[in-house]
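One structure is given here, and the rest of the page talks about it.
The values are calculated or read from the model by the stated rules, or taken from the named source; none is laboratory data. For clarity, every value in this text was computed on a predicted model and none was experimentally measured. All Cβ positions, even for glycine, are placed from backbone atoms using ideal geometry, and neighbour counts span all protein chains on display.
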Amino acid sequence: MSDHYFGSDTLFSTLAESIGLIAMVWELEPDIIHLSEQWTALTGHPSADPISSAQLRKIIHSDDLMVMNDAILRCLKGSDHFYDAEVRVLHRNGEWIWLAARGRVVERNAEHRAARIVASFLDIGHRKRAELILSESEQRYRAMFNISPHGILLTKPDGEILSANPAACLLTGYSEAELIHLGHAGLSKSADTARSSLPLTGLQMGSRNGQASLFRKDGVRLDVALSSATFTDQSGAMRISVMLQDITDSIATERKLQRLARLYDARSRCNQAIIQSKTPQALYEAVCKIVAECGDFGLAWVALVDWQTRQIKPSCSEGRERAYLHSAKISIDPTIPAGCGPLGRAIRESRNIICEDFQNAPSTAPWHALAGIHHFRAIAVFPLQQTGQTIGALTLYASDKDYFDAQLVELLAEIARDISFGLDNLQRDIALSSSEARFRTLWETSTDGILMMTQESIIRYANPALETLYGHPGDQLLGKSIAMLQPARFRTSHDEGIRRFLRSGRRMLNWRGASVVALHADGHEFPMEISFSEAVIDGERLFIDFMRDITERKRANDLVSHQNAILKMITSSVELPITLAAVNQMIEGQVSDTTCCIQGLHESDGSFSWQVAENLPESFTHFMLQLPTGKAGLPDTALDAARVVADLECDPDYAAHALLAREYGIRGTSFWPVQGRQGQSLAVLVLYHHGSRAISEFEQCLLPSVVDLIGLAIENRKSDERIRYLAHHDDLTGLPNRARFMQELTLATARAARGGHQVGLLFLDLDRFKNINDTLGHHTGDAVLREVANRLRHAVREVDMVARLGGDEFVVMAENFFDLATLTGIAQKLIEQISQPMDIEAQEFHLTVSIGISIYPVDGSDIHTLIKNADMAMYRVKELGRNSHQFYDEQMSAG
Ligand SMILES: Nc1nc2c(ncn2[C@@H]2O[C@H](COP(=O)(O)OP(=O)(O)OP(=O)(O)O)[C@@H](O)[C@H]2O)c(=O)[nH]1
């Protein structure tokens, strides 16, 4: 402030200085501003010299000039004061400082215009800085409030909403006004009153952090994260700022993750159940329970389908809404609405069907009302398959729409596939266990020996029958070479066979029913039928051998084929000794340690006259043959009934030949009488046993039939002989018959033709034989004929043949005669013999005979001509008076 001014008004000056407030005195005309020292203190500018208003304006911030102008203008317009004109003044140090100016008009001119203004300044820099910070903070808060992506509510502690930012409006779907109207409580209630109310716990409690659910205006439930802070507003009232962050998605994701984690757990638990379940029903129940629990499904159930009736039947169900199934009608019949729902389609089409809005989908219309009661909003159906065929479905109901996201569906589908897989396994297991049981039974109870051997012929497995078959305990077989079951001579060919097969696949042996020779543990060999197959068991290629002891079968077959051979021999007229030798051989093949002898009876005297015993020493059989029946040889009863002598040495009846028997290594014997069809004794079959033993059951069966066979052979032989005899002999007289005679005549004429000699043929016909028949009967006639034959046979040489042609006609054939006189001599001798009286049946007969003679080749070059001519000559004799003979001559034929 200038000295002259302040100096001239000491009071004012003193006042100004003392209070330190007055900074300037502005004389408006002329424009002079006097500055005090306080100005200097405030602005750093000198105050000794007055300045003009223009100079003042230069150091006032351009933004604030208007403020200064307004203040002055107000004074100029008549106001005496101006207050708090806040302006920025450039401090001498170059910084802007805030000053609040307050002025007063202290002098006016005659026109009452302000002539002098006194102004004081207050340093308001501190306040301005505070205001700035506050303003910036406020701006930041406002900005944050308005543009925050998170909802912010300003509330009273009682939950009344005072303000809501745009994000909160966006989040909740309500306007700010609506929110203010609703308050906390309203937000935590759904607009849809049917839905449950979830409290905004965090808001109500005013906790700093929390989580809550609220319902949007459109009814959608939101999950929000809460972050609240309590503060006091300018009025000192307590306020709460609540920040809402929509975490619905992350909560949903988290829930899904949790649900998935639970379902993954469920899957592993299901897999456990699949392994542990023994039946499909147990599997369904276990899986249903697990899935319902882990997936938080209101209902999980397994439906089974009956394809014939098209009915769906719940196999099991789990979940709090199980009652749904009592009322729900579900089918797979596509012709009715109940069959066109997700379950019906899923089963028919064998595919997963997910319905994310169960209560609104057209296809689920039949169940909308019921589903509403049970809060089902989404459904997922996963068909279950067994061996490729859909047998039902796993069906799950969730209380939220869109519950089944892709990941969940995939997981549940996997569980369904696991169940299907489990069902197949279970079926396989059941089949396997029943097959295993069957196999076990077969393995353990089979009468066939079964062994499995490696490619190296090492025995891997052997069943109990095999042990019995070979006489080796099982533990002695396992791990051993199969060679121990084979006679040494077959081992090399077995090994070569296996090697060849492994190399080329060629089978030299019949794999089904090959006959081999097996070696028993006790060293004996026995016939075995063996069938092979190949299998890979536990990764190892094995040969499986099925073995059957065919000793009995072979014996039976041998027996049958032997019997057939013997029967053939019998019917083929093979010599009896050869046939009986075959019988002995058959018995010796069937009965171990036995040698046979068949001792035949002489037909006439009943003594043993022949024997067949090719395997007994001749000295022994000769000795035995000599022994009379009932003495030391065969027992008295040998021809009547079979008898067994187990040990000759212990039987006093056989003391005589026990010694001899021992010499030939014979201990026991048995006798089997052979009888003919009429019960007549034919022979005895004698079995000599090399050890002391009783007859076995088999032998008891075998030997009677063998004995019959022997009887048949002997009788057949006799019949044969008879037939053969009758074929060539006259049954009545025993003379060769016509057929035989014709053969012999043929041969004789052939010989004569070759040798150039002659054959004489004498044709005999008894004279008036008919009378005998007629008077005394045929029987006597037969006796006469036999006597005639006898006489004729004895009347001629051995070389001359006598035959009966039939009736009372006989022929004599003479070869190698010298002349006709020889033939005449024969004829006369025959006539003479016949004419001798015959005593037959106490009567005497006198017979004569007429004889015609022809000679080969002169009287006929063939036998028929020869016979005819002899016959003609005989008739000539008859004509001439009988009882004589005639040679044929050609005139007889002419006559
Ligand atoms: N007893 C018996 N009579 C037989 C047999 N075969 C034929 N006769 C009979 O033998 C008789 C043969 O008679 P013939 O040769 O025709 O006549 P005959 O009485 O001998 O008279 P002649 O030959 O003219 O001298 C017939 O009565 C036959 O029935 C037979 O086997 N036994």
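Which pairs turn up if I take residues in the stretch 778-790 that are within 14 Å of Asp730 (Cα to Cα) and look for partners that are charged (D, E, K, R) and near the ligand (Cβ under 8 Å from one of its atoms) with beta carbon separation below 9 Å, at least 6 apart in sequence or on another chain?
The qualifying pairs are Leu785/Asp808; Val788/Asp808.
Name every residue in the stretch 287-329 that is buried (at least 21 other Cβ atoms within 10 Å of the Cβ) and aliphatic (A, V, I, L, M), in order of residue number.
Scanning the stretch 287-329 gives Val287, Ile290, Val291, Ala292, Leu299, Ala300, Val302, Ala303, Val305, Ile312.
Let me confirm something: among Ala71, Ala85, Ala119, which residue is touching a strand residue (DSSP E or B) at 6+ places or on another chain (Cβ under 6 Å) and either of a type in the set (S, T, N, Q) or touching a residue at least 60 places away in the same chain (Cβ under 8 Å) (or both)?
After applying the criteria, what remains is Ala119.
Within the stretch 641-688, how many residues are part of a helix (DSSP H, G or I) and of a type outside the set (Gly, Ala, Ser)?
The qualifying residues number 11.
Is it fair to say Thr395 is under 32 Å from the mean Cα position of the chain (by Cα) and closer than 15 Å to Gly295 by Cβ?
yes
Cβ-Cβ distance below 9 Å, separation of 6 or more or different chains: which pairs start in the stretch 806-824 with a residue that is farther than 18 Å from Ala795 by Cα and end on one that is part of a loop (DSSP other than H, G, I, E, B) and within 16 Å of the ligand (Cβ to nearest atom)?
Every condition considered, the pairs that remain are Gly806/Asp730; Gly806/Asn737; Gly807/Phe769.
Cβ-Cβ distance below 7 Å, separation of 6 or more or different chains: which pairs start in the stretch 440-467 with a residue that is closer than 19 Å to Asp522 by Cα and surrounded by fewer than 20 Cβ atoms within 10 Å (Cβ to Cβ) and end on one that is of a type in the set (Asp, Glu) and at pLDDT below 90?
Every condition considered, the pairs that remain are Pro464/Glu444.
Mind listing whichever residues of the stretch 583-616 are acidic (Asp, Glu), within 60 Å of the chain's Cα centre (by Cα) and assigned to a loop (DSSP other than H, G, I, E, B)?
If the condition is that a residue be acidic (Asp, Glu), within 60 Å of the chain's Cα centre (by Cα) and assigned to a loop (DSSP other than H, G, I, E, B), then Asp593 is the only one that fits.
For the stretch 791-840, name all the residues that are among the hydroxyl-bearing types (Ser, Thr, Tyr) and within 16 Å of the ligand (Cβ to nearest atom).
Within the stretch 791-840, just Ser835 meets the criteria.
Picking from Ala328, Ala303, Ala361, which residue would you name as being free of Cβ contacts under 8 Å to residues at least 12 places away in the same chain and among the hydrophobic types (A, V, I, L, M, F, W, C)?
Answer to the selection: Ala361.
Does any residue of the stretch 235-250 turn out to be touching a His at 6+ places or on another chain (Cβ under 6 Å) and of a type outside the set (A, V, I, L, M, F, W, C)?
Yes, some residue in the stretch 235-250 is touching a His at 6+ places or on another chain (Cβ under 6 Å) and of a type outside the set (A, V, I, L, M, F, W, C).
Limited to the stretch 70-83, what total is found for residues that are more than 13 Å from Arg104 (Cβ to Cβ) and of a type in the set (D, E, K, R)?
Of the residues in the stretch 70-83, 2 are more than 13 Å from Arg104 (Cβ to Cβ) and of a type in the set (D, E, K, R).
Is it the case, given these coordinates, that Arg876 is within 16 Å of the ligand (Cβ to nearest atom) and not in a helix (DSSP H, G or I)?
no
Could you check how many residues of the stretch 775-790 are more than 8 Å from the ligand (Cβ to nearest atom), among the β-branched types (Val, Ile, Thr) and crowded, with 17+ Cβ neighbours inside 10 Å?
1
Consider the stretch 155-175. How many of its residues are surrounded by 17 or more Cβ atoms within 10 Å (Cβ to Cβ) and either outside any strand (DSSP E or B) or not assigned by TED's automatic domain parsing to the domain that holds Ala225 (or both)?
8
Within the stretch 294-303, is there a residue that is assigned by TED's automatic domain parsing to the domain that holds Phe404 and among the charged types (D, E, K, R)?
For the stretch 294-303, residues assigned by TED's automatic domain parsing to the domain that holds Phe404 and among the charged types (D, E, K, R): present.
When the stretch 836-873 is examined, which residues are found to be of a type in the set (Val, Ile, Thr), surrounded by fewer than 23 Cβ atoms within 10 Å (Cβ to Cβ) and not in a helix (DSSP H, G or I)?
Passing the criteria: Ile840, Thr848, Ile855, Val858.
Given the conditions (1) modelled with pLDDT of 80 or more; (2) exposed (fewer than 13 other Cβ atoms within 10 Å of the Cβ), and given that Arg269 satisfies all but one, which numbered condition is not satisfied?
It is condition (2) that Arg269 fails.
Conditions first: (1) among the polar types (S, T, N, Q); (2) in contact with a strand residue (DSSP E or B) (Cβ under 7 Å, 6 or more places away or on another chain); (3) assigned by TED's automatic domain parsing to the domain that holds Asn165. Gln234 passes all but one, so which condition is the exception?
(2)
Take Leu304 and tell me if it is in a strand (DSSP E or B) and under 24 Å from His375 (Cβ atoms).
Spelling it out, it is not the case that Leu304 is in a strand (DSSP E or B) and under 24 Å from His375 (Cβ atoms).
Determine whether the stretch 549-559 contains at least one residue that is within 21 Å of Tyr461 (Cβ to Cβ), touching a helix residue (DSSP H, G or I) at 6+ places or on another chain (Cβ under 8 Å) and outside any loop (DSSP other than H, G, I, E, B).
Scanning the stretch 549-559, I find at least one residue that is within 21 Å of Tyr461 (Cβ to Cβ), touching a helix residue (DSSP H, G or I) at 6+ places or on another chain (Cβ under 8 Å) and outside any loop (DSSP other than H, G, I, E, B), so the answer is yes.
Restricting to the stretch 73-115, name every residue that is outside any strand (DSSP E or B), in contact with a helix residue (DSSP H, G or I) (Cβ under 8 Å, 6 or more places away or on another chain) and closer than 24 Å to His45 by Cβ.
Scanning the stretch 73-115 gives His91, Arg92.
Return the residues of the stretch 507-527 that are out of contact with any His (no Cβ under 7 Å at 6 or more places or on another chain), in contact (Cβ under 8 Å) with a residue 24 or more places away in the chain and in a strand (DSSP E or B); say none if nothing qualifies.
Within the stretch 507-527, Ser515, Val516, Val517, Ala518, Leu519, Glu525, Pro527 meet the criteria.
Can you tell me which residue is nearest to Leu785 (Cα to Cα) among those in the stretch 720-740 that are buried (at least 16 other Cβ atoms within 10 Å of the Cβ) and within 16 Å of the ligand (Cβ to nearest atom)?
So the residue we want is Thr733.
Taking the stretch 745-774 on its own, how many of its residues are more than 16 Å from the ligand (Cβ to nearest atom), surrounded by fewer than 19 Cβ atoms within 10 Å (Cβ to Cβ) and not aliphatic (A, V, I, L, M)?
Adding up the residues that qualify gives 6.
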